[in-house]
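Everything on this sheet refers to the single structure shown next.
Every number in this text was worked out from the coordinates using simple rules, so none of it is lab data. The model shown is predicted, which means the values in this text are computed figures rather than measured ones. Every residue, glycine among them, receives a Cβ derived from its backbone with ideal geometry; neighbour counts consider all protein chains shown.
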Amino acid sequence: MSIFWKSSQKGSRFSPLPLNHYSFLMRLLLLFLFTLTLNLTLYSQHSTFSRQDTLRGSITPERAWWDLTYYHLTVKVSPEDSFLKGSNLVQYRVLESARRMQIDLQPPMRLTLAIQDGVPLHITHEGNAHYIKLIGDQAVGEVKEMLLHFEGRPPVSENPPWSGGLVWQKDKQGKHLVTTVCQGDGASLWWPCKDHLYDEPDSMLISVRVPDDLMDVSNGRLRHTQQHRDGTKTYDWFVANPISNYVVNMNIADYVHFGEVYPGEKGLLDCDYYVLRGNLEKAKRQFQDVPRMLKAFEHWFGPYPFYEDGYKLVEVPYYGMEHQSSVTYGNGFSNGYHGTDVSHTGWGFKFDFIIIHESGHEWFANNITCKDIADMWIHESFTAYSENLFLDYHYGKEASAEYVRGTRNNIKNDKPLIGPYHVNQPGSWDMYYKGENILHMLRQLLADDEQWRAILRGLNETFYHQTVTAAQIEGFIMEKSGKKLQPFFDQYLRDQRVPILEYAIQDSLLNFRWGNCITAFDMPLEVMINGKTHWLQPTTSWKQQAIEEPIKDFVIDPDYYVGGMDIMGK
C-alpha cells in the first residue's frame, strides 16, 4: 500500500458486488496504523535553536523601537587581499524612546566604531549582535542618524548562491570577479545593518570603490562615478524604493553593457544588461527572454514594481539570485536550468529558467516581502509558480499545467512549508515545487482565471513595497475569492502530509472521504467518473454519492496535488 500517486492514473474497476464488511474494517484499521506510524515518525523531527538564532530571527527590544528610513553603504573592495573596509550611515525614525540599539555584523567582519552627533559610542558584542549605547536624546518621531564603521575579510561562499559570503574569482582574461550572496545567512555577513526582514529602508545609496579597471554594478540606478588618484574608482548606485538587506549586492568585474527600453504598463522601463567581455553576442540573443518575461508577468502580476530603479541583469559566476533591480544571472546563456528541465516535460526548455524565475522575485520577495523567514514560501512558491504563468501566457494553459504537474517528482514532503517563527529558520524547501502546485490547485478551486489573475495583481497592489505575514496573504486570497480556504492553507502550508482521497465503489455508489490530513480538511475535488466531470465535497467523515450508472472508470483530476486510495484494494 502506497500513499504516493500518479494523479492521472485511473482508479480500479469493480464488479457490482457488495462490500465485504469485515474486509472493509480490516483495511481501515491497517490504513489507520500506517498513517499513525508515518505521523509519529514525521512529527518526531525537531530542531533546537540557539540564542544567536533568536537574536537574529526575532524583533528584539533593541530593534523594535526604531524604524529604518535610509542607508548609505560605502565599501572599499580590495580584491588582491579579499578585504572590505567601509561605513554605513543608518537613518531611522524613533518609535519609542530608548538608549540601546542592536546592529548585526557577523565575524570575522568587525564593527570598529559607531558615531552619533559626532560622538563615538560604546559597543558591546554578543556573537553577531552588537549593542550600541546611545547618549543623545531619542525623541519619539525624531529622525536620527548613526554612522557605523566596519572592516574585515568576509566569509567566502563555498557553494553560491546556497551558502552566503563573497565570491572571489578571476575571469578568462585574468581580471578580478567579485560578487556577494547572502540569502538566509544574512547581509550582516559583509556589512553592518538591521538584519531582519521585517524592516526595510525607504531608499538607499550604495557607494562601492574598486580598482579602476573594474566596474561595480549594484542595485538601483548609477548616479555618479568618481576617479581617485590611487587607481580606484567609486560607483554610486541609488535605490529609490524600499529594499531588503539580503538583496543588496555588489558585482565587480570587467563588464560590458547594453540595454533596451521596454514599453510597460507604467511607461518606459529601462532594461540594462552587464556581462563579461566575450559574452556580449550570446547575451544579446539570450536576454530576449526579458521582454517576454515582462509582458507575461505584468499581465499576471501587475506593473514591474521598480520602474524608478530600472531592471538589470548582471552576469555572475553562480546560477543567479533575485537581487532587487539587479538580478544576477549565471545560466550559461541557454534555456532550461543549467541544461536541465526541472519539470521533466520538455516545457522547461522553452525559456531561460534563471531569467524567468529570478525576475519573478521582483514581484514576490522584493515587492512583497515576508516579515519572518519562516514565511519564505511567499517568496518561493509564488515565484516558482511564475514559471507556469510565463508558459501559460506564451504557450497556453495546458503547457502550464503539464509543467507544474511535472515538478511533483521533486517534492519530498519532509516538513511543513512554514517554518518556526522568530529563529531565522525557513520551512521545507518544498516551498518551490510543492508551493507552485498549491497555487495551481487554488486556480482550479476558483475555476475563474480572471478572478485568479485579479487576486495575483491585487496582492502586488495591496501589499506594494510592504513586508507581510502568511496570515495577510491567506486572508487576502480568502476575501477576494469568497472561499473558506483556511483548512486548505493549514493542510498544505502547516502540515507535510499529502491528503489522500480514500474511496470505495459499490455499483453506482461512491463512498469517499479525506484521509492522511488535518481533521478540518474539506477541499472540494474534481474527478472523472465514466468520462464525465463530477465535483466531490469530501470531508474527513465518510460520504456517499450516487452516480447515474454503474461506476466503471474513476480518475482524480491530475491538477490536484492529492493521493487516491481504493480501500478495497482491487
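Odds and ends about this structure:
- Look at where the Cα atoms of the range 333-407 and of the range 517-546 average out, and the two centres are 30 Å apart.
- Under a model in which nothing but the beta-carbon of Lys, Arg (+1) and Asp, Glu (-1) is charged, the range 353-494 shows a dipole of about 340 debye around its Cα centre.
- Links that overshoot a 24 Å alpha carbon limit, given the list 194/480; 282/350; 133/371; 295/484; 172/233: 194/480; 133/371; 295/484
- Bridgeable aspartates and glutamates around residue 543 (alpha carbons under 15 Å apart, same-chain partners fewer than 8 residues away excluded): 502, 522, 566.
- Set of lysines near residue 412 by C-alpha distance (under 23 Å), chain-local residues within fewer than 8 positions excluded: 6, 434
- Protection proxy ranking, peptides 344-350, 478-484, average beta carbon neighbours within 10 Å, highest first: 344-350, 478-484
- Three-way shape label, the range 353-494, alpha-carbon gyration tensor, a/c 1.5: rounded
- Descending by average beta-carbon neighbour count within 10 Å, the peptides 485-498, 530-543, 302-315 line up as 302-315, 485-498, 530-543, the highest first.
- Lys/Arg +1, Asp/Glu -1 at C-beta; the range 353-494 dipole; positive extreme among 400, 413, 472: 413
- Exposure proxy order (Cβ contacts within 10 Å, fewest to most) of 89, 501: 89, 501
- Order of 381, 218, 87 under a 10 Å beta carbon neighbour criterion, fewest first: 87, 381, 218
- Three-way shape call for the range 66-249 based on the alpha-carbon gyration tensor, with the a/c threshold at 1.5: prolate
- Computed from Cα atoms, the angle from the helix 289-301 axis to the main principal axis of the chain rounds to 60 degrees.
- Cα long-axis angle, helix 397-406 against the chain (0 to 90 degrees, to the nearest 10): 90 degrees
- With Cα atoms, 0 to 90° folded angle of helix 21-43 axis to the chain main axis: 10 degrees
- Considering helices alone, the calculated mean residue ellipticity of the chain at 222 nm is -7500 deg cm²/dmol, with DSSP H runs of length four and up weighted by -39500 (n - 2.57) and normalised per residue.
- The local environment of residue 469, defined by Cβ-Cβ distances under 12 Å, has a net charge of -2 under the rule Lys, Arg +1 and Asp, Glu -1.
- Shape class for the chain: prolate, because the ratio a/c of the largest to smallest gyration tensor axis (alpha-carbon atoms, square roots of eigenvalues) is 1.5 or more and a/b beats b/c.
- Once you reduce the range 195-250 and the range 59-118 to the center of their Cα atoms, the two points are 16 Å from each other.
- Charge dipole magnitude, Cβ of K and R +1, D and E -1 - the chain, Cα centre, debye nearest 20: 940 debye
- As a proxy for reagent exposure, 182, 370 were ordered by neighbouring Cβ count within 10 angstrom, fewest first; the result is 370, 182.
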